[in-house]
């Protein structure tokens, strides 16, 4: 009997030590979302911008990030873990802690519904509402493997945040339009974007924004415009409908598809735009073809 009591006492001591000194969070909230991890990752960041004092502290990859949030004199730390369940559903776990009052929370949470718990639940309910509203504003459909189109084009080069991509294109749209129209160049298809560098941790991209044109013997020189051949390449393809500001949601969908099907990709997407946002209309009617080039084994 004494050994049993000692064993139980030991378990209690070890459990208490883990709970108070090793466990890195005070409170955990689990919920599901009807989308893929990349879209959730981007909404967390966009939602955080609307929260005073919010900051992304760390990102292991798109499925795990740590965020700080200010609530009065308290700093709450949320560690987000996102796991894809299937093509249309993800599991989200949020591990929340109070930077300055963690011990107090751990003492009270087993016995009370604390203000910290109530605030965490309300904050995450606001996030879920924001996420659900966003998911109603776009659609992504994985189409098929299809080679991109060979073309000659006039391009500018930009470096922006992912969310600043559309604004950057709209800034260069008049320039490319003027070069083509004022020099009687002939358009040869819808404009497209080719990402040449993507820093996923900083959500920063470098890309070429291009207008396909028919090649001519002489072309007007401009310090900001480059003329180039764009060669066809095999790629995974998705159809995106929605505002072009968030067309990068399709990038993440294609990355997931490639991973699940063991397809090696470059990770540098290409977008072909079929609508002019300046014309307005229902954004769900805007269409972009999104391509994720497949890596080609030169030894084959």
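Some points to look at:
- Rel. contact order, % - alpha carbon contacts under 8 angstrom, at least six apart, segment 141-293: 32 percent
- Mean Cα-pair separation over length for segment 23-136, i.e. relative contact order, pairs under 8 Å, 6 or more apart, %: 29 percent
- Seen against the Cα atoms of the chain and their longest principal axis, helix 2-17 is set at about 40 degrees.
- Contour excess over end-to-end distance, with Cα ends at residue 139 and residue 122 and 0.36 nm allotted per residue: 3.3 nm
- Length gained on full extension, residue 228 to residue 159: 23.0 nm, using 0.36 nm per residue less the C-alpha separation.
- Distance between segment 109-143 and segment 54-91 - C-alpha centres, whole angstrom: 11 Å
- Principal-axis tilt of helix 165-182 within the chain, Cα atoms, nearest 10 degrees: 0 degrees
- Between residue 296 and residue 85, the modelled labels are 4.1 nm apart [label points 7 Å from Cα along Cα→Cβ].
- Multiplying the residue separation of residue 217 and residue 262 by 0.36 nm and subtracting their alpha-carbon distance yields 11.8 nm.
- Helix 37-49 vs. the chain, principal-axis angle (Cα, 0 to 90°, nearest 10): 80 degrees
- Computed FRET value (nearest 0.05) for residue 199 with residue 111, which takes r as the C-beta separation and R₀ as 51 Å: 0.65
- Global geometry of segment 218-300, whether rounded, prolate or oblate, following the gyration tensor of its Cα atoms and the 1.5 cut on a/c: oblate
- Mean sequence separation of contacting Cα pairs (under 8 Å, at least six apart), scaled by the length of the chain, corresponds to a relative contact order of 16 percent.
Each value in this text was obtained by applying a stated rule to the coordinates, not by laboratory testing. Being a predicted model, the structure only gives us computed values, none of them experimental. Note: ideal-geometry Cβ built from the backbone for every residue, glycine included; neighbour counts use all protein chains shown.
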